[in-house]
Amino acid sequence: MSALTDTDQILATSSPPPLAAEGITVDLGGVRVLDRVSFEAGPGCLMGVVGPNGAGKSTLFNVIVGLLPASEGRILIHGRRIEDSRGIVAYVPQHEKVNWRLRMKAWDVVMLGRTRRIGWLRRPRRADREAVESALRQADMWERRSSLVGELSGGQRQRVFVARALAQGADILLLDEAFSGVDIASQEALVSVLHDLRDQGRTIMLSSHDVSHVAHYCDECLCLNSHICACGAPQDVLTPEVMREMYGPYGAAPVHGSGFDGHHR
């Protein structure tokens, strides 16, 4: 790899991050769900978002994709407003929030990611079909492209949704409780796909109530309980003090001493 020139270094440091939250505050029904949340997620980063149930993880994702307005603050995507960044961010919802009775094949679900480019009631073009094939292959789901999504395992369904995000052309992926109801083998397969996408330069945020998942699989960890308790490398922020701030004195135990040896890269 050639050395960066002075100009390259200046451009690299001056470019806005793919995702930035600035003072995000959300009040719902008179309750403050998020309180002045600020952070940045850089390119080629897998960031885990951890916190107890009701900490605001799903709310934060809904604000990032523009499904929920913030009471205060703003989200910037590559330095631009959400309204000017359609298609750049893709959201993979929680497993249990999807109607799996729909009789759609994996190929059809992934093709939905091309809707904005194709337009309603228009037939997919060659470029669309190629994008879907590429996305399914990247998600390691090409061999199951003709399977009904209702017949796939939980991990395979998640990878189909990741493929849909890739077909969409998104370079920022949000996965909400991606490991919920997914067996260990499927978790490992999904993590492998996410690590490949991260290494291609995509920005990925993965929410989880399971701290051990984030500790072992993610590069950075955003610890959330309405406000940000800490944000940084898992080995730096998953301390007893931060765990108590997130979960209280009788909450989840710290991951240190339980086999955690730093984030995998």
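Only the coordinates and a few stated rules stand behind these numbers; no lab work does. As the structure is a computational prediction, the values presented were derived from the model and not from experiment.
A simple rule links phi to the HN-Hα coupling: the Karplus curve 6.51 cos²θ - 1.76 cosθ + 1.60 with θ = phi - 60°, which for segment 32-43 gives 7, 8, 10, 10, 6, 7, 9, 6, 10, 10, x, x Hz, with x for Gly and Pro.
By DSSP, the beta bridges lying fully in segment 135-239 are antiparallel in about 50 percent of cases.
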